[in-house]
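Undergrad: Let me give you the structure first, and then I'll get to my questions.
The values are calculated or read from the model by the stated rules, or taken from the named source; none is laboratory data. No experiment lies behind these values; they were computed from the predicted model shown. Virtual Cβ from ideal backbone geometry, glycine too; neighbours counted across all protein chains shown.
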Amino acid sequence: MKIKLNLLILLAATIILSVSCQPKNKTKENLAPNVHKVTAEEVIQASGYTYLRVSEDGKENWIAISRQEVEKGKSYYYEPNIEMTNFVSKELKRTFPSIIFVVKFSDQPITTVKTSTENIPKGNQPAIAKDGLKVEQAEGGITIAELFAGKDSYAGKTVKIKGEVVKFNPEIMGKNWVHIQDGTNNNGSFDITITTNDSTKVGNVVTFEGTVTLKKDFGYGYFYEVLVENGKLLPAK
C-alpha cells in the first residue's frame, strides 16, 4: 500500500512539473502566424520612432515602431515588416547592423493578421483625404492632379509641386518620406509621396522640387505608381 502511495505521489509530481515547465508558445496563446512574443530589454525614444532591443527565446534583436510609451521588462507582441541592414539613424547618431520596422505592435496577443504588409503605406492610397484643403499652385509648378493625369509625360523629369504635409515618416531606407495633398484630385489620386533628405512636419505647407518616377517597387508592399524622388525643400515665399 505504501509503495502504491509513493508511486501516486511521484506520478502527480511528474505531471505538475511537466505542466509548469511547458513553454508558453504560440499555440497556447493562439497567436497569428509570424507574430513574435518578446520582452523589451532596452527602450530608446526618438522624435518619430521608438527603438527597442527585444529578446525572444534567448535571442535579441532591434525593432522600430511609431513613437509610443513602452515599458522595459514588459512583454509585447509584434509582426515583422521590413528588415533593414546597416541602418543609420542620424538622430541617434547610431548604426544598427539589423533592425526590423514594425507596424503591428501590441501589449496584447495578436491573434489575426491579414498580411505581413498590412497598414504599410502603398503609393498613392492614403487613408484619408483632407477635407476642404486648397493649396495655391506653386509658381512654375504643377498640381497633384496634373501630375497623376500626365504622369507618363512627367516620368524622369523634374517637377515643382506644392501642398500640405499630411504624413511625415523619417529615416526609412535612408530617406524621409513626405506625403502632401493640395486639394486637387485625379480619379481618386490626391496624395503624392516625396522622398527627401530634408525635414518638415505635418501641417506645414511646403514646396518640393524632385524627379518623377513611375511604378517604383521597393518590395515589402512599398509600391508607388507615381513617386517624386530626391526632393529638395524650397524656401517658402
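Undergrad: Conditions: (1) surrounded by 16 or more Cβ atoms within 10 Å (Cβ to Cβ); (2) aliphatic (A, V, I, L, M); (3) modelled with pLDDT under 90. I144 meets all but one. Number of the miss?
TA: (3)
Undergrad: Checking L31 against (1) surrounded by fewer than 18 Cβ atoms within 10 Å (Cβ to Cβ); (2) part of a loop (DSSP other than H, G, I, E, B); (3) modelled with pLDDT of 85 or more; (4) of a type outside the set (V, I, T), which single condition isn't satisfied?
TA: (1)
Undergrad: Which strands (runs of 3 or more DSSP E) does the range 163-237 wholly contain that include 1 or more residues that are under 19 Å from S89 (Cβ atoms) and out of contact with any Pro (no Cβ under 8 Å at 6 or more places or on another chain)?
TA: Hits in the range 163-237: 175-181, 192-196.
Undergrad: Now for a separate question. Quick check, is N169 in contact with a helix residue (DSSP H, G or I) (Cβ under 8 Å, 6 or more places away or on another chain) and at pLDDT below 90?
TA: No: the conditions fail for N169.
Undergrad: Which is over 12 Å from I192 (Cα atoms), modelled with pLDDT of 90 or more and not in a strand (DSSP E or B), of G156, G132?
TA: Among G156, G132, only G156 is over 12 Å from I192 (Cα atoms), modelled with pLDDT of 90 or more and not in a strand (DSSP E or B).
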